[in-house]
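Just below is one structure, and these are the notes that go with it.
The values are calculated or read from the model by the stated rules, or taken from the named source; none is laboratory data. Quick caveat: nothing in here was measured; it's all calculated off a predicted structure. Every residue, glycine among them, receives a Cβ derived from its backbone with ideal geometry; neighbour counts consider all protein chains shown.
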C-alpha cells in the first residue's frame, strides 16, 4: 500500500525535492463525519484522526481528551449531531489536542482504538524507512543530473521495472519520426520550419 501511495505522490514528491517547495495542502476533512481529518499537536506536527462511530466518540472523549462529560453532551451524541455542531466542537477539540505532542496523541488514539496516523510531509515520506528497507529507490539519469526516483509499485516475479535515463528534449525526435515513415529530408524540412528542434 505504501508503494502505491508513493506512486500517487510522485508529482508532489518531485515538486518538493527538486522544485524547492511543497505544493499547498488541499485538506483532509470528511464531508459528513466529525472529528475526522488532520489535527495539529503541541510540537507542530499533524495527526490524522478518523473517528467513525459513537463508541469511538465516547472513547475519544474519555481517553484522548480526558473529558468524559463531553461524550454525554446531547449536542454531540451521534455523528450527525457532531457534524451539525462541528464548528463549536472544533473550538473545543483543537485546543485540547494542541496541548499534546504528536507521539502522546498517537498513543492515546491507539489506546482508544481509534484509526489514526501521523500526517507526514513530503520530506518525511521521502525518508520513510519502509521505502528504504524494500529498496524502492533507484537513481535515474536526467539531462540535469541524477534524481532519486521511486520504482513503480507493481511487483511481479520475473519482471523488472525499466528505469531508463530521461532523454533530453529532442533526443529521440529523428528516431521516432523515422519509425513513423518520415524521410531524412522531411525531418530536415520540419527542423528548418521550426516544427521540431
Exercise. Of the residues that make up the range 66-75, is at least one crowded, with 19+ Cβ neighbours inside 10 Å and out of contact with any helix residue (DSSP H, G or I) (no Cβ under 9 Å at 6 or more places or on another chain)?
Worked result: no
For this session: For the range 1-22, name all the residues that are touching a residue at least 60 places away in the same chain (Cβ under 8 Å) and in a loop (DSSP other than H, G, I, E, B).
Result: 9, 22
For this session: Could you tell me which of the residues 16, 41, 26 is modelled with pLDDT under 90 and touching a helix residue (DSSP H, G or I) at 6+ places or on another chain (Cβ under 7 Å)?
Result: 16
Exercise. Is at least one residue of the range 153-168 touching a helix residue (DSSP H, G or I) at 6+ places or on another chain (Cβ under 8 Å), surrounded by 13 or more Cβ atoms within 10 Å (Cβ to Cβ) and modelled with pLDDT under 90?
Worked result: yes
For this session: Give the residue, chosen from 105, 100, 109, that is surrounded by 12 or more Cβ atoms within 10 Å (Cβ to Cβ), under 24 Å from the mean Cα position of the chain (by Cα), part of a loop (DSSP other than H, G, I, E, B) and at pLDDT 95 or above.
Result: 100
